Structure formats: structure tokens, C-alpha cells
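**Q** Before anything else, here's the structure in question.
The values are calculated or read from the model by the stated rules, or taken from the named source; none is laboratory data. As the structure is a prediction and not an experimental result, all values here were calculated from the model. All Cβ positions, even for glycine, are placed from backbone atoms using ideal geometry, and neighbour counts span all protein chains on display.
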Amino acid sequence: MTTARVLNVVPTLMCGGTENQFMTLARQLDRMRFDVEFACLRRWGGFVDELVEHKVPLTEYPVTTFRSVAAFAQQARLARHIMRRNVQIVHAYNFYGNVFAIPPARLTAPVTIASIRDRAPYLTAMQKRVQRFACQFADCILVNADAVKDWLMDEGYDASKIAVIRNGVDLSRFDNPPAPVTLRRELGMADDTPLVGVISRLTRLKGLEHFLEAAASVKAQCPAARFLIVGETSPMDRDYLGELQRYAERCGVAGDVIFTGLRGDVPAVLASLTVSVMPSLNEALSNVVLESMAGGAPTVATRVGGTPEAIVDGVTGVLVPPADSSALADAIVHLLRDRQLAAHLGQAARARIADHFSVRRMVRSTEDLYIDLLERKQRKRLPAAAC
């Protein structure tokens, strides 16, 4: 079997949900069948060092706006790279990766795949039209949740091109975590402190203001509780952390909430949480939710996007309406007071991840998709070659 070269085209290599998924996939693709390299629009993010360390080819195509001659020049450069490197599969991610890579890849690569991993509440109407136009040239549009597929169909995308492969979690990362007291002592807390936390990139759609409002209500009912917000802002919105800190002051919980910044020990953090919270206003299939479940953390999440595809309400976690801090607080307090229920939900959540959201299943499904698309293209070319 010959090796197929896969080129992943991504906006940046920052540490976020989509980035974690494409890096996990790149690490675990069968090297006997696939050879992986990367292209990015900005050489930003912690994963750059990993690619360099492992000698994975990474090429930057700096584009500040698509409405420029320079952008067309970079697309032409990408097309030349695809031909020179004999890339068989171009797999683009998110709005900027899709719009940049799909048109030139369509002309030069056997297989072109677009990935849309959320319902794009941050895109303008014009950007949504541009992405839909670009994606019509893709052989497949890969999404991570039925909720995203349904949205795309409502937006006018060709349903026959849409494939769903849900995010995968490596359960082994969550085996043998340190004792929960380790994090508490690091943060200067008593060993038995109830700890409620959010792990998230700090963006305005993650519902963090509602979490802070809920924290005030939880604190009134469970005075010993403390709260964590784990994550960092994007380079474009560094002021947002200050806004959240000031909002915590207005909510009266500034002394009870710790903003830890980005941490590399997410499994250890999750193992320490009494309750893990995902208060997002818009999601596709949240990696944090899946990781919380994999870590056995009792989880409260908003009923948005693909989250109900992962959490069965009352069975593997608790779902609440988005932007409802009162409902969020009630659910958190319920789990803080009923530790037996919380433990049961955590155990059931981990079992659900093992059965339905393993990284092995995600990788194998993606490999099968790659091979299927390549074989379809080869079959289409055979009649012409025989003439």
C-alpha cells in the first residue's frame, strides 16, 4: 500500500479545541498509510514547537485579508506546494483555513476536505456566504456533531457531502491522576475545599460571565466553595481577562475565583474538581465536556449545539439552559450537596466516553474517510485513463 500525503491547513497552532483534535489526529494516523504535514496562516501557538521538534513540515502562508492580491499570491504558492509535494489529501480547518485552501486544492489535489467544527456565531453573514461558496468545491465537509450538520443543511450546504466524525478523547491521559489535594495545596486551599471549575479558552461566547454570576449564588449556599477559571485569552482579545476579573469583583466573588491561566495538566485539574462546568453559549462538540467526562468529573453544561450528543441529562451529567446563571447555580449546588449522585454521574460519564468518544474510534473513522475519498477519485479517473 502506498503512503498518502496529507496536508492539514489551519489558521494557527494555538491550544484550543480544534487544534487539540487535529494534533491528536496527526500524532495517531497510521504512518504506514499516511504522511502528514501542516500549513498555517499564522505561525502562532504552542503546537508549533511540537511540530518542529518532531520534524513535521510546517509552512506559513501569511494572509492578512482575503481581499488582496497578496492573498491570491499565497494561494498560488499553496497550489505549487501541493503539486511539488504530491499531496493527495488537503484537509482544511475552520473559516480561514477553508476559504484559503479549498479553491487552490481543488485544482491541484485528488481529495479536498473542509472541516467546520461549530455553528460559527462569530462569523458575519458575508463570511458565512464566502465559506459556503468555498466549501462547494470540497469533496467532503467534515463536522464533529449532528448539530453542526443540521445547521449546515439549514444554511444550504449539500447534505450528501457532509460527514460526521465526533471528537475523540485519549482515555489513557486521565489514568492515575495525582490526588485532588495536590492542586488544592498548590492553590493554598484546605484539602476538603469544594472546587468548581471551568476549563476554556477565554472568549466571549463561553458564558464565563454567567459562571461568575452563578458562583455568587453558589457561594451564598455553599460558603466553603471556591472557583477556578483555567485558560487564556487569544492574542486578539487580551483585555478580556481584565474584564472578567472586574466582573468577578462586581459579583462579589473576586476573592473566591482563581484565574489560573493556561495549564498543561488538564487531567490533573479535572481530577481535582468537585464539579466541572461548561457554561458556553454556543458549541459544536466541546472537547472540555468530553475531557471532563473522561476524567470522571461530575459535569454541568449548557444545552447547546452537540453537547446533548455527549451528555445524557441526569445520567452522565447535568444539562441547563444557556445564559441562565440561576439554573447553572442550582445544578452546581445540587451536585455539591449530593456527592453520591455526583460520583455516579462521573463514573457513567467516563464509561460513555470509552464506548462512544474514544480517540481510537475518531482516528480510525478519519482514516477510513481518507481512503474512501481517495478510492472514489481513483475510480472516477479509471474510465478516462482507459480511453
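**Q** Can you tell me how many residues in the range 109-148 are in contact (Cβ under 8 Å) with a residue 24 or more places away in the chain, basic (Lys, Arg) and over 21 Å from Asn8 (Cβ atoms)?
**A** At the first step, the residues of the range 109-148 found to be in contact (Cβ under 8 Å) with a residue 24 or more places away in the chain are 109-123, 127-128, 130-132, 134-135, 137-148.
Filter again for basic (Lys, Arg), leaving 117, 119, 128, 132.
The next check asks that each one be over 21 Å from Asn8 (Cβ atoms); those that pass are 119, 128, 132.
Total meeting the criteria: 3.
To keep it simple, each residue is scored yes or no on (1) closer than 27 Å to Gly242 by Cβ; (2) under 19 Å from the mean Cα position of the chain (by Cα).
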| residue | (1), (2) |
| --- | --- |
| Gly261 | yes, yes |
| Pro267 | no, yes |
| Ala271 | no, no |
| Asn282 | yes, yes |
| Asn287 | yes, yes |
| Arg303 | no, yes |
| Pro321 | no, no |
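**Q** In the range 89-136, what residues are assigned to a strand (DSSP E or B) and either among the β-branched types (Val, Ile, Thr) or more than 15 Å from the chain's Cα centre (by Cα) (or both)?
**A** Ile89, Val90, His91, Val111, Thr112, Ile113, Ala114
**Q** Suppose the filter is at pLDDT 95 or above, surrounded by fewer than 24 Cβ atoms within 10 Å (Cβ to Cβ) and outside the structural domain of Ala147 (by TED's automatic domain parsing); does Pro235 pass it? It would help to see each step written out before you state the result.
**A** Details: at pLDDT 95 or above: no; surrounded by fewer than 24 Cβ atoms within 10 Å (Cβ to Cβ): yes; outside the structural domain of Ala147 (by TED's automatic domain parsing): yes.
Against the criterion (at pLDDT 95 or above, surrounded by fewer than 24 Cβ atoms within 10 Å (Cβ to Cβ) and outside the structural domain of Ala147 (by TED's automatic domain parsing)), Pro235 does not qualify.
**Q** Of all residues in the range 149-187, how many are modelled with pLDDT under 95 and at positive phi?
**A** Qualifying residue count, the range 149-187: 1.
**Q** I'm told His356 meets every condition in (1) within 18 Å of the chain's Cα centre (by Cα); (2) within 20 Å of Ile229 (Cα to Cα); (3) not aliphatic (A, V, I, L, M) except one. Can you identify the failing condition by its number?
**A** Here His356 clears every test but (2).
**Q** May I pose another question? When only residues in the range 192-220 that are of a type in the set (A, V, I, L, M) and at pLDDT below 95 count, which is farthest from Ala268 (Cα to Cα)? Give the derivation first.
**A** Taking the range 192-220 first, the residues of a type in the set (A, V, I, L, M) are 195-196, 198-199, 202, 205, 208, 212, 214-216, 218, 220.
Then drop every residue that is not at pLDDT below 95, which leaves 202, 205.
Working: Leu202: 20, Leu205: 25 Å.
Residue satisfying both the conditions and the ranking: Leu205.
**Q** Any idea how many residues of the range 239-261 are farther than 17 Å from Ala329 by Cα, of a type in the set (A, V, I, L, M) and in a strand (DSSP E or B)?
**A** So the count comes out to 1.
**Q** Also, quick follow-up: Looking at Trp151 and the list (1) in contact with a helix residue (DSSP H, G or I) (Cβ under 7 Å, 6 or more places away or on another chain); (2) of a type in the set (A, V, I, L, M, F, W, C); (3) within 22 Å of Leu281 (Cβ to Cβ); (4) free of Cβ contacts under 8 Å to residues at least 40 places away in the same chain, which single condition is not satisfied?
**A** Of everything listed in (1) in contact with a helix residue (DSSP H, G or I) (Cβ under 7 Å, 6 or more places away or on another chain); (2) of a type in the set (A, V, I, L, M, F, W, C); (3) within 22 Å of Leu281 (Cβ to Cβ); (4) free of Cβ contacts under 8 Å to residues at least 40 places away in the same chain, Trp151 misses just condition (1).
**Q** If Glu249 satisfies every condition in (1) out of contact with any Lys or Arg (no Cβ under 6 Å at 6 or more places or on another chain); (2) crowded, with 21+ Cβ neighbours inside 10 Å but one, which is the exception?
**A** Glu249 satisfies all of (1) out of contact with any Lys or Arg (no Cβ under 6 Å at 6 or more places or on another chain); (2) crowded, with 21+ Cβ neighbours inside 10 Å except (2).
**Q** Taking the range 156-180, which residues are free of Cβ contacts under 8 Å to residues at least 40 places away in the same chain and either among the small types (Gly, Ala, Ser) or assigned to a helix (DSSP H, G or I) (or both)? Lay out the reasoning, then the answer.
**A** Start the filter on the range 156-180 by keeping residues that are free of Cβ contacts under 8 Å to residues at least 40 places away in the same chain, which leaves 156-162, 164, 172, 175-176, 179.
Within the range 156-180, Gly156, Ala159, Ser160, Lys161, Ser172, Ala179 qualify.
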